[in-house]
Amino acid sequence: MRALIVLLLASLFAPAMAAPAKFSAVYNVMRAGQIIGEAKDTLEISRNQYHLESTLTPLGVVAIFVKETFQQTSSGEIDKMGFHPQQYAYQRSLHADKNIDARFDWKTKTATFKFDGKFESQPLPALLQDRLSLFYQFKYWPKGKDKLLIPMSNGKGITDYTIIRAGEETLTLPAGIFHTTRYVRERTPDDDGITVWVSDKLAAPVKIVIDGKKGEQTEQVLTHVTSE
């Protein structure tokens, strides 16, 4: 019976393009039209395991004041329904006291978080994504669904994200011209809004816009990709 349920769930999800064994995407990070950093994402897949890594390096005027790098990693299992994170980490090269480590135990259905010198735990909901895997999970959006509730962890806890599929759009970016599907999480008084553009040609998103709860807006735009 359990195998039948898994097959039925898998049939709801659109078939995602098989990702290469190793895929890298490089982005310009911009604010107010100015480049403030470069982000490099790397996705590696081996059998049913994945490892995602994203490194942000400050550039331009920001680099004068911020002289460290910021790295996120996400690892776990991957199948026809997408990513199932088992560990998420956020690290700063010069401020280890700000580092975050989260573990997701799917057998005990428990999430544990280590941050600010303390440990916390809470129940682990089905379909959870972390702050990095979320952007890659849109490739596995279920057929016939225009809205989803996706539990998301930032490494300190879990928040339910209501995300809508907002239509299709053609974007001209430094990396090329892409026909995309746009996914939106509206900004709230307590949390950021997110818009993600996904192309069926790539494993990585091609554009991300973060609408900060204080009104600031940050764009992440694809400049080039490599694969192995």
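Bear in mind that the values in this text are calculations on the coordinates, not laboratory data. Keep in mind that what you see is a predicted model, and the values were worked out from it rather than measured. Please note: Cβ atoms are built from the backbone with ideal geometry, for glycine as well, and neighbour counts cover all protein chains shown.
Among the conditions (1) assigned to a loop (DSSP other than H, G, I, E, B); (2) closer than 18 Å to SER133 by Cα, GLY215 misses just one, which is (2).
Just the residues that are small (Gly, Ala, Ser), buried (at least 17 other Cβ atoms within 10 Å of the Cβ) and farther than 18 Å from GLU216 by Cα, please, taken from the range 23-78. Listed by number, the residues that qualify are SER24, ALA25, ALA39, SER54, SER74, SER75, GLY76. Within the set of pairs 6 or more residues apart or between chains, which connect a residue that is without any contact (Cβ under 8 Å) to a residue 40 or more places away in the chain and assigned to a strand (DSSP E or B) inside the range 38-64 to a residue that is surrounded by 15 or more Cβ atoms within 10 Å (Cβ to Cβ) and among the aromatic types (Phe, Trp, Tyr) with Cβ atoms less than 6 Å apart? Short answer, once both residue conditions are applied: LEU56/PHE70. Run PRO205 past the list (1) in contact (Cβ under 8 Å) with a residue 60 or more places away in the chain; (2) assigned to a strand (DSSP E or B); (3) not basic (Lys, Arg) and report the number of the one that doesn't hold. Failed condition: (2).
If the condition is being hydroxyl-bearing (Ser, Thr, Tyr) and in contact with a helix residue (DSSP H, G or I) (Cβ under 9 Å, 6 or more places away or on another chain), then the range 58-107 contributes SER74, TYR90.
Restricting the first member to the range 154-179 and to residues that are under 30 Å from ARG103 (Cα atoms), and the second to residues that are among the aromatic types (Phe, Trp, Tyr), the beta-carbon pairs closer than 6 Å and six or more apart or on different chains are GLY155/TYR88; GLY155/TYR90; LYS156/PHE113; LYS156/PHE115; ILE163/TYR183; ARG165/TYR183. In the range 112-129, the residue that is surrounded by the most Cβ atoms within 10 Å (Cβ to Cβ) out of those that are in contact (Cβ under 8 Å) with a residue 40 or more places away in the chain and of a type in the set (Phe, Trp, Tyr) is PHE113. Only residues that are assigned to a loop (DSSP other than H, G, I, E, B), more than 20 Å from SER199 (Cα to Cα) and not acidic (Asp, Glu): list them for the range 99-149, please. Within the range 99-149, ASN99, TRP106, LYS107, THR108, LYS109, GLY117, LEU124, PRO125, ALA126, LEU127, LEU128 qualify. A residue that is surrounded by 14 or more Cβ atoms within 10 Å (Cβ to Cβ), on the phi > 0 side of the Ramachandran plot and not charged (D, E, K, R) can be found somewhere in the range 79-90.
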